[in-house]
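Below is one structure, written out as structure tokens; comments come after it.
The values are calculated or read from the model by the stated rules, or taken from the named source; none is laboratory data. No experiment lies behind these values; they were computed from the predicted model shown. Quick reminder, even Gly has a Cβ in these numbers, built from the backbone with ideal geometry, and neighbours come from all protein chains shown.
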Amino acid sequence: MKISTFTKTPSSGRFLCNPTWYIDACGKKLLFVSSGSTSFRRDISQAETILNDIDIIILPAGCVEPVREIQYFLFASPHAEFYLPKASSQKYFLDIFHKLNGYCKTEYQYGLLSRIHFVNDLCSINQNLMLFGSDPYPADSIEHRQSLLIQEDSCAVLFANTGAGTPALEAAFSRARDLTCLKIKRVIMAAGEYDTPDKENHSEKGA
């Protein structure tokens, strides 16, 4: 698994930095945009050469201007499938359609829109990638966050879309453990990453 973090939005006081993660895992190339980011299009611009090869783009509920950003990525990443939380984002579907109306023919619009998937609060993108709600906010709230669980090479990595040392992080880790039978060896979040006790146990078993 290869991971790159892009951010120009440093944390300040109680506010988290809002990274965009580029993840190469399980034969897929992903962009996972953390909630609340207002500048991820600018953040990822430093890696525009990879956009053409992206397979999956995950935009969680906190994305501020999904219509503008999806419009950009639909063309910058022509092969990517998009995943947005249904409860808070489906209302943008018609807005996206109307925004595209002046850009291309109708049949091409439907081809673009077929790449946008509105998912429930628990979604298996495939057998290795799972999205799930990871905080106490209602699913249709702009504050609601989704985290990403990746299962690869007999272990798992959690991208926790929350801050360090918070109840939300504990909740995300606990739910991730319930969703996989594999050991979670790493937790990656906006503030950085850490190894979990699961990794130590996994290493001992493999010794």
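Report yes if Cys104 is loosely packed, with under 12 Cβ neighbours inside 10 Å and either part of a loop (DSSP other than H, G, I, E, B) or modelled with pLDDT of 70 or more (or both), otherwise no.
Numbers: loosely packed, with under 12 Cβ neighbours inside 10 Å: no; either part of a loop (DSSP other than H, G, I, E, B) or modelled with pLDDT of 70 or more (or both): yes.
No, not satisfied.
Please determine, by comparing only the residues of region 119-171 that are among the aliphatic types (A, V, I, L, M) and part of a loop (DSSP other than H, G, I, E, B), which one is modelled with the lowest pLDDT.
Filtering region 119-171 for residues among the aliphatic types (A, V, I, L, M) gives 119, 122, 125, 129-131, 139, 142, 148-150, 156-158, 160, 164, 168-169, 171.
Now drop any that are not part of a loop (DSSP other than H, G, I, E, B), which leaves 125, 139, 142, 160, 164.
Details: Ile125: 92, Ala139: 65, Ile142: 62, Ala160: 86, Ala164: 65.
The residue in question is Ile142.
So which pairs qualify, if the first residue must be in region 126-142 and among the charged types (D, E, K, R), the second must be at pLDDT 80 or above, the Cβ gap must be under 8 Å, and the two must be at least 6 apart or on different chains?
Asp135/Ala171; Asp135/Ala172
Quick check: is even one residue across region 67-86 in contact with a Gly (Cβ under 6 Å, 6 or more places away or on another chain), surrounded by 14 or more Cβ atoms within 10 Å (Cβ to Cβ) and either modelled with pLDDT under 65 or not basic (Lys, Arg) (or both)? Spell out the reasoning first.
First, pick out the residues of region 67-86 that are in contact with a Gly (Cβ under 6 Å, 6 or more places away or on another chain): none.
Scanning region 67-86 turns up no residue that is in contact with a Gly (Cβ under 6 Å, 6 or more places away or on another chain), surrounded by 14 or more Cβ atoms within 10 Å (Cβ to Cβ) and either modelled with pLDDT under 65 or not basic (Lys, Arg) (or both).
Specify the residue that is modelled with the highest pLDDT; the eligible residues are those in region 184-205 that are over 25 Å from Thr20 (Cα atoms) and surrounded by 15 or more Cβ atoms within 10 Å (Cβ to Cβ). Show your work before the answer.
Start the filter on region 184-205 by keeping residues that are over 25 Å from Thr20 (Cα atoms), which leaves 197-198, 200-205.
Now narrow it down to the ones that are surrounded by 15 or more Cβ atoms within 10 Å (Cβ to Cβ): 198, 202.
On the way: Asp198: 63, His202: 39.
Restricting to residues being over 25 Å from Thr20 (Cα atoms) and surrounded by 15 or more Cβ atoms within 10 Å (Cβ to Cβ), the top hit is Asp198.
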